[in-house]
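Below is one structure, written out as structure tokens; the observations come after it.
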Amino acid sequence: MGQPVREYLLTLCVTVAVTYLLTGPVRKFAIAVGAMPAIRARDVHREPTPRLGGIAMFGGLCAGLLVADHLQSLNGVFELSNEPRALLSGAALIWLVGVLDDKFEIDALIKLGAQMISAGVMVMQGLTILWIPVPFIGTVALTQWQGNLLTVALVVITINAVNFVDGLDGLAAGMVCIASCAFFLYAYRIWFGYGIEAAAPATLFAAILMGMCLGFLPHNMHPARIFMGDSGSMLIGLVLAAGAISITGQVDPDAMALFAGGERNATHAMLPVFIPLLLPLTIIAIPMADLILAIVRRTWNGQSPFAADRGHLHHRLLELGHSHSRAVLIMYFWSGLIAFGAVAYSVHSTSMWIVLAIAALSAVGLILLLLPRFTPRTPRWAEFLVPPRYRHSARRAEAAAEAAAREATAIEPAPARPVVAGDPGLTGAPGGGPGPRSPPGPTP
């Protein structure tokens, strides 16, 4: 088991390095070709920022697959399965459409059609759902048309969910990175814990997706120097969906026969195992909720479901008074809680401590939502452990700077004019002329 872990780490590091190193040149290229759209009403950034970050992320994807193909333990994924080639084909198509959209603003319906075609390309090469595990019923085999339609639907929904949440600096990349990390842990457990080779492609996809997001995040954190654009958001959404399809619809739950008895009883007993089989749906629970609310909101207001607005969850966090960074961290927190909570429950479903920990962390998350203007007061002995903005000296300097700014903007009185004998301006007449005469006083 040690060698596969090292090979996964090597693949992850190569993907991170390639994505990180490519992002700088891609930013210069985006500026040169004019891929810097004007600021729109729904945007939260104040300066035009280049897009096309998906070019670097696609380079990281290709590098990760290339390295994994030449490693001893991971090479079997390419020999025994066509799923990596199917992923690369669909990713290349959706990435190309995203690059054109970042430069020329393609219509939303055209992008939707491209997403369906990309999913169809993967289906034609074998990356499709063959069966689905249903609690209390068992494993339900799907017909070819049912599996293909379900696969296309899952790909399109996941792509658009990730695309909808890409509204703040570092938000989409960070949430997908958290999701892929939790997904990797579960897929790795299925592969090596139960010895199911069919889970190997999903494990590889999760490791590469994690590297793509980690390599891009340093350039995308607030204030972002480059955006991933649709070329990046649709790409990582497709990779996440591909891993979900691979492990949900390709891994036969009967291969994990942990319990004796009939299939119905075994399915009921393995309910905690089935929950993470649908882990991608729990991973994108927040983006999915945002997507559903956006469609309902826009339809209710008589708008197109594809019309952009400022009603997304991250916009509402900003309206509550949260800063940009805090809103992103809150979204990270809830994504991690849902994803890792599902994985932990699948491993130890009988432990009440996991349920209590999830409930306690959920309460903490709700408290953070209700304290938008909360600023931690760090003790002086712990100031070196926190960022500079939370230190006493930094707060004093900030208060002094604000006071100086207020004094500088205050209206200063005009300087006193020296009195000179015979100065015509003393009369108060415009142009220095003689002023009006005062009425004569009473005669003595």
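Structure notes:
- For segment 144-153, the criterion of a residue being in contact with a His (Cβ under 6 Å, 6 or more places away or on another chain), open to solvent by 40 Å² or more (accessible area, probe 1.4 Å) and not polar (S, T, N, Q) is satisfied by no position.
- Verdict on Trp191 being open to solvent by 30 Å² or more (accessible area, probe 1.4 Å), among the aromatic types (Phe, Trp, Tyr) and free of Cβ contacts under 8 Å to residues at least 60 places away in the same chain: no
- Verdict on Leu61 being assigned to a loop (DSSP other than H, G, I, E, B), within 30 Å of Tyr194 (Cβ to Cβ) and in contact with a helix residue (DSSP H, G or I) (Cβ under 7 Å, 6 or more places away or on another chain): no
- A single entry from Phe29, Phe78 fulfils the requirement of being assigned to a helix (DSSP H, G or I) and over 25 Å from Phe205 (Cα atoms): Phe29.
- Residue in segment 118-133 that is of a type in the set (Val, Ile, Thr) and in contact with a strand residue (DSSP E or B) (Cβ under 8 Å, 6 or more places away or on another chain) present: yes
- Residues in segment 80-127 that are of a type in the set (D, E, K, R), open to solvent by 20 Å² or more (accessible area, probe 1.4 Å) and closer than 18 Å to Ala242 by Cα: 1 in all.
- Among the residues listed as Leu204, Leu281, Leu214, Leu238, the single one being open to solvent by 30 Å² or more (accessible area, probe 1.4 Å), at pLDDT 80 or above and under 25 Å from Ser118 (Cβ atoms): Leu214
- If the condition is being closer than 24 Å to Pro37 by Cα and charged (D, E, K, R), then segment 82-112 contributes Asp101, Asp102, Lys103, Glu105, Asp107, Lys111.
- Residue among Ala269, Ala289 that is at pLDDT below 70 and surrounded by fewer than 19 Cβ atoms within 10 Å (Cβ to Cβ): Ala269
- Any pair with Cβ under 8 angstrom, 6 or more apart, that starts in segment 57-69 at a residue that is free of Cβ contacts under 8 Å to residues at least 40 places away in the same chain and ends at one that is of a type outside the set (A, V, I, L, M, F, W, C) and surrounded by fewer than 19 Cβ atoms within 10 Å (Cβ to Cβ): Asp69/Asn75
- Filtered residues of segment 14-50 (kept if at pLDDT 85 or above and open to solvent by 80 Å² or more (accessible area, probe 1.4 Å)): Tyr20, Leu21, Lys28, Phe29, Ala32
The values are calculated or read from the model by the stated rules, or taken from the named source; none is laboratory data. Source: prediction; values computed, not measured. Neighbour counts are summed over all protein chains in view; Cβ atoms, including those assigned to glycine, are modelled from backbone coordinates with ideal geometry. Heads up: the accessible areas ignore ligands, DNA and RNA and are worked out on the full protein's heavy atoms, side chains in. Shrake-Rupley method; radii C 1.70, N 1.55, O 1.52, S 1.80 Å.
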